[in-house]
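Below: the structure, in structure tokens.
The values are calculated or read from the model by the stated rules, or taken from the named source; none is laboratory data. These figures come from a predicted structure and were not determined experimentally. Here the Cβ positions follow ideal geometry from the backbone for every residue, glycine too, while neighbour counts run over all protein chains shown.
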Amino acid sequence: MDTQEIIKIENASKSFKSQTVLKGVNVTVLSGQSFGFVGQNGSGKTVLLKLICGLMYPEQGRVIVGGKQLGKDVDFPENVGAIIEAPGFISYQSGLKNLLYLASLRNRIRKEDVIESMHTVGLDPNDKKHVGKYSLGMKQRLGIAQAIMENPSILVLDEPMNGLDKNGVKDIRTLLLKLKDKGVTIILASHIQEDIDILCDTVYEIDEGNLVFIR
Amino acid sequence: MTKVLQRTLTKLTFINLPMLLLSSTGFVLLCFSNIGRTNNGTNIFVSILGGIEIQDYGGSLPLLELGKWLLILSIFLLNIGNYIENEVEAMQLYAFLRYRSYKRWWIHLINNITVLAVTYLVFGFLIIGVLGQTVLSKNNIESTSILHGSTLQVLSLGITLFVHFLFLGVWLLTFTLITRKYILSFAGTMIIECSTLVWGILAPQNSKYLPGVWGMYLRSKGFSTKYGFFVPIIIGVQVLLILSLSCIIMRKMKRN
């Protein structure tokens, strides 16, 4: 495998009951690239992102991330930050406490790094409000903060602009462009064409389980 | 030192203080419900947390005792349910990516359930101890010898309860992860506990084989040599069951 190939999906198929969501999908993502997946609701964008994160395994084919096959060499890929579907947190704790708890699972970063990631997404680390009282937009920002706080080399984002206001969308776009410049590989699924146009080098559409190259 | 303390507190973020307050209220209620009970000098911890005594109930069910025992269990299972809803289900994705393996993630969950079980029992023993010494003794409840009894008996009760709670917590977690429905798993667990308890009361000779009585000190060999279960064997069986549940969940998660 080429050292530049950070994600390789080979002939991956996934179905639920009688419905085939992905049909023999092949994708290779190079390190530092930003990939966009577009498609209608239920087209399989989230499923594809889950395959990349090891949250699901394909029935056929294989997914290799960082040179390791998911489900065979490792359960989950290393050094991946992700936000998939609605972000979930411990509702009776503050945003900072939630992130510190998640950081304590891997114990790689300091409290200062967690605080910085909150500032980066426009959240106040001193806000004592419980996450249960957060708006959808604030939860989304917190989800992005947890995805970036450990400086992952791959960022997997499923509809990251969900629930964000105009300024929030602008802030997160700027943040993602900065990360892209730093060499972070970004995999983005979105139904907002503008996000895809601004943030992604390569774009695929998922149509009836097949990947169609757009640009 | 401060850093170690901070790190420990961060690791305990999953503990829900309002839930512990609810648990404490439950223990206070249980303490007061013990007033006036004739108990032949049974230690107050055993009297409240020990379960249902093996004796001839003449075919009827000791409903109050049964209710008290199910209250203790249900509040604990609510604590576990709250943990499942908040940390396990909501943060599952984030935790997976950080642990990078199902095995490490599962060990983390079992550790947290262990912490919840220990915290719950420590709260219980503390409240019963303090209330027993103050409120109950002022009411001249001589029938229940306050805080009196062998340390070994209390220790044995604590260990028996802890292992049973740990087993029930892992059981509830496993079935919630499989069915994706906490309420269903909670109701199922309570029905199994309740029905095996009733069976154990009506047919005491079978009680040692029934999961519903496994955490009940008053149905152990230490209390009844005739019908009681042998504590180390039951603890061994529960540990084996926890390991089996772990294998089931590993297979299930990987198959997804």
Open item on the list: I need a count of the residues in the stretch A:98-144 that are among the aliphatic types (A, V, I, L, M) and either away from chain B (no Cβ under 13 Å) or without any contact (Cβ under 8 Å) to a residue 24 or more places away in the chain (or both).
Closed with: 8
Open item on the list: For a quick check of your reading of the model, give me the residue pairs whose first member lies in the stretch A:188-205 and is farther than 17 Å from residue A:28 by Cβ, whose second is buried (at least 21 other Cβ atoms within 10 Å of the Cβ) and of a type in the set (S, T, N, Q), with beta-carbon atoms closer than 6 Å and at least 6 apart or on different chains.
Closed with: A:196/A:190; A:199/A:34
Open item on the list: If I go through the stretch A:66-76 residue by residue, how many of them are within 11 Å of another protein chain (Cβ to nearest Cβ) and assigned to a strand (DSSP E or B)?
Closed with: 3
- [ ] Quick one: residue A:38 ticks every box in (1) surrounded by 20 or more Cβ atoms within 10 Å (Cβ to Cβ); (2) out of contact with any strand residue (DSSP E or B) (no Cβ under 6 Å at 6 or more places or on another chain) except a single one, so which number is it?
- [x] (2)
- [ ] Could you name every one of the helices (runs of 4 or more DSSP H) located completely within the stretch B:1-109 that has at least 1 residues being within 12 Å of chain A (Cβ to nearest Cβ), of a type outside the set (Ser, Thr, Tyr) and in contact with a Gly (Cβ under 8 Å, 6 or more places away or on another chain)?
- [x] B:92-99
Task: Residue within the stretch A:77-95 that is within 20 Å of residue B:96 (Cβ to Cβ), part of a helix (DSSP H, G or I) and within 14 Å of chain B (Cβ to nearest Cβ) present - done: no
- [ ] Any chance you could count how many residues in the stretch A:60-104 are touching a helix residue (DSSP H, G or I) at 6+ places or on another chain (Cβ under 7 Å), aliphatic (A, V, I, L, M) and more than 23 Å from residue B:19 (Cα to Cα)?
- [x] 7
TODO: Output the residue which, of all residues in the stretch A:102-157 that are among the charged types (D, E, K, R) and within 17 Å of residue A:76 (Cα to Cα), is modelled with the lowest pLDDT.
DONE: A:106
TODO: Just need a number here: residues in the stretch B:85-94 that are in contact (Cβ under 8 Å) with a residue 12 or more places away in the chain and crowded, with 19+ Cβ neighbours inside 10 Å.
DONE: 3
TODO: Could you tell me which residue of the stretch A:1-35 is surrounded by the most Cβ atoms within 10 Å (Cβ to Cβ), considering only residues that are among the β-branched types (Val, Ile, Thr) and farther than 15 Å from residue A:58 by Cα?
DONE: A:6
